[in-house]
Amino acid sequence: MVPSRQRVVASIIGILLLVVSSFAAAAPKITVALDATEAPRKIFHARMTIPVTPGTLTLYYPKWIPGEHGPTGPIQDLAGLRFTANGQPLQWRRDLLDGWTIHVEVPKGISSIDATLDFISPAGPGGIYTGGANATDKMAVISWNTVLLYPAGFSSDDLTYTASLRLPAGWKFGTSLQVTTQSGEQIQFAPVSLTMLVDSPVISGQYFRTVPLTSGQTPPAEMNIAADSAAALDAPPEVWDGYKNLVTQTGILFGARHYRDYHFVFSLSDHVAHFGLEHHESNDSRVDERTMIDPEKRLLEAGLLTHEYVHSWNGKYRRPADLATSDYEKPMQTDLLWVYEGLTSYLGDVLSGRSGIRTPEQFRDSVAAIAASLDNLPGRSWRNLQDTADGVPAMQGAPSSWESWRRDLDYYDEDVLNWLWVDTIIRQQTQGKKSIDDFCHIFYGEPGGPPMVKTYTFDDVVNALNQVAAYDWRGFWTEHLTNHGPGAPLGGIQASGWKLVYDENRSELAKATEGDRHYINASYSIGLELHDDGSVIDTIEGSPAAKAGVGPGMKIVAVNGRHFSEDVFRDALHAAKETANPIELIVENTEYYKTYKIDYHGGERYPHLVRDESKPDTLSEIIRAR
Ligand SMILES: [Zn+2]
């Protein structure tokens, strides 16, 4: 309630706002024509027509990109910017306080201007998310936020964009945008809000495959895959069956869908940036070229599409209120990413098991890998889990050196463990009658339909959990977000009938991770992460290697007097169990060589989950297909 004097003032303001808004300019309808015919050269040419009024026009290049959790709009790759009115060039200047803001002087008598701009896509590594490499000789992904500007003063929901696209000869495409006309490689899309345009990437390429994931059901879902070779598209049928199961199992988990039709926009290329980015009616996921035809690579990416698909519910439909901004210039606040990303990771992993994309053992190996890395994390002592979420807009793109001390984006993985714990508490509190699935129905379920955003706060999450099972959820989450350990939150693993243990055997997942990424994970033994040429990616602070003086950026050139190789290094760890002598490393550091003696005798150590027979196997029940 508002006290009476303020109520009168409020009502006067309300009337004034009504009067002002009835005279406010209608949001302009903008066209953007994108020429992607030079995609293999990694340059995209856009031409926009923007209705204007005379005076200074302020335009923004999208800066805070939904799902990227930071000011990552690739302004450094905007080039060739020119404005004209009736064919005459117009003056423009970049804002002195914000590099994503452009001011254009519009003369009297002008009602529309043309803007031309190029997006120069990074060639090779560099740039993150949609600002990373997006094109090869054979394919491209178009993220509309990279190829347009929008006028200040309007919400992205209110601005209407009519987009068209010209592709290289012979390239096919897929997108959740509605196509109105197509003539060869020239495609015209139906008008949509700027919000939906930025939310609807287009994938295109010479080697292109569409895989239907629903047979007759509504709403439909399909994969639109572009690859750098025809061979990369030729996965065995059971691979696609897993993703058909995913669509079914996810529908059962939530009880409703918040899209009209869904597109997995999926890139198979070694030359585009690798990530997954969620959208309401699609996801833009990019992995190695041979991922779908190589079982090892498939295992490594088994959680990617499941995660991104869950985001249609958690992140797009339901979104933290302070992440749901009205345009791309306003900063986002990331404090609730433990729900947005953390719960998405948990549910994505659960669905990878329910759909058969991961076997139960592969699912457990993935949980063990997460648990071990977080259970041996010195950075926890100074930085709590909440801060890993709060800090992300400023800290994205941090290098992997010193990661164990800096901490990574731990609200993804650590919240897999926390939400598993929540799932087991719900089951305990309700004598097995309810689970996280009931929370999903309440929070993300009916009625379903076309994309919309329903925001939430910390209190909304706590209240919905209490609707499922009465418990001190506020206390649970406050403790889990702010504690400093020691160790990871392993209560969910334990309550679901399993234990985290270490032995000398690498799991299938550990072997695949080290083999594919050409690295050696000795984090849980000597305390080193190495490239397979011996260069040190990270040391675990407090570990034997760190205590001996080894640090990131150094390079091990010899182990116990013999030239470094992966086998020589592993043999030395193993042999150290039988001797009191330290392991001797000759290490190069900024052109100097030194010998480090490491007093370690524990052999190789790799994490696994093993059954605790004193408790029921709830973990297997959690990932059983519904
Ligand atoms: Zn995510």
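The values are calculated or read from the model by the stated rules, or taken from the named source; none is laboratory data. Nothing here was measured: the structure is a model prediction, and the numbers come from that model. When we count neighbours, we look across all protein chains shown, and the Cβ atoms used for this are built from the backbone with ideal geometry, even at glycine.
General observations
- Whenever a residue of region 303-321 is within 13 Å of VAL265 (Cβ to Cβ) and touching a residue at least 24 places away in the same chain (Cβ under 8 Å), its partners that are aliphatic (A, V, I, L, M) and more than 11 Å from the ligand (Cβ to nearest atom), lying with C-beta atoms within less than 7 angstrom and at least six residues away or across chains, give the pairs LEU304/VAL287; TYR309/LEU246.
- Residues in region 390-405 that are of a type outside the set (Gly, Ala, Ser) and over 19 Å from ASP335 (Cβ atoms) were compared, and the one that is nearest to the ligand (Cβ to nearest atom) is GLU403.
- Among the residues making up region 340-369, those that are within 16 Å of the ligand (Cβ to nearest atom) and farther than 18 Å from ALA488 by Cβ are TYR340, THR344, LEU347, GLY348, VAL350, LEU351, SER352.
- Test: residue in region 326-337 that is of a type in the set (Gly, Ala, Ser), modelled with pLDDT of 95 or more and either assigned to a helix (DSSP H, G or I) or within 14 Å of the ligand (Cβ to nearest atom) (or both): no
- Test: residue in region 272-287 that is part of a helix (DSSP H, G or I) and within 16 Å of the ligand (Cβ to nearest atom): no
- A residue that is closer than 19 Å to ASP375 by Cα, part of a strand (DSSP E or B) and either out of contact with any His (no Cβ under 7 Å at 6 or more places or on another chain) or not aliphatic (A, V, I, L, M) (or both) can be found somewhere in region 535-548.
- Identity of the residue in region 291-316, within 14 Å of the ligand (Cβ to nearest atom), touching a helix residue (DSSP H, G or I) at 6+ places or on another chain (Cβ under 7 Å) and assigned to a loop (DSSP other than H, G, I, E, B), that ends up nearest to LYS244 (Cα to Cα): GLY303
- In region 330-351, the qualifying residues are those that are in contact with a His (Cβ under 9 Å, 6 or more places away or on another chain) and among the polar types (S, T, N, Q), and the one that is surrounded by the most Cβ atoms within 10 Å (Cβ to Cβ) is THR344.
Listed here are the residues, each with its yes/no results for (1) part of a helix (DSSP H, G or I); (2) out of contact with any helix residue (DSSP H, G or I) (no Cβ under 8 Å at 6 or more places or on another chain); (3) surrounded by 16 or more Cβ atoms within 10 Å (Cβ to Cβ).
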{"site": "PRO450", "(1), (2), (3)": "no, yes, no"}
{"site": "ARG474", "(1), (2), (3)": "yes, no, no"}
{"site": "LEU481", "(1), (2), (3)": "yes, no, yes"}
{"site": "VAL501", "(1), (2), (3)": "no, yes, no"}
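- Test for ALA372: is it within 16 Å of the ligand (Cβ to nearest atom), surrounded by 21 or more Cβ atoms within 10 Å (Cβ to Cβ) and among the small types (Gly, Ala, Ser): no
- Screening ASP387 against (1) over 26 Å from GLY515 (Cα atoms); (2) more than 16 Å from the ligand (Cβ to nearest atom); (3) touching a residue at least 24 places away in the same chain (Cβ under 8 Å); (4) not aromatic (Phe, Trp, Tyr) leaves a single unmet condition, (3).
- Residue within region 434-451 that is of a type in the set (Lys, Arg) and either within 23 Å of ALA389 (Cβ to Cβ) or touching a strand residue (DSSP E or B) at 6+ places or on another chain (Cβ under 9 Å) (or both) present: no
- Residue match in region 388-398 (condition: among the hydrophobic types (A, V, I, L, M, F, W, C), under 19 Å from the mean Cα position of the chain (by Cα) and not in a helix (DSSP H, G or I)): yes
- Residue-level analysis places SER352 outside the set of residues that are out of contact with any Lys or Arg (no Cβ under 9 Å at 6 or more places or on another chain) and assigned to a helix (DSSP H, G or I).
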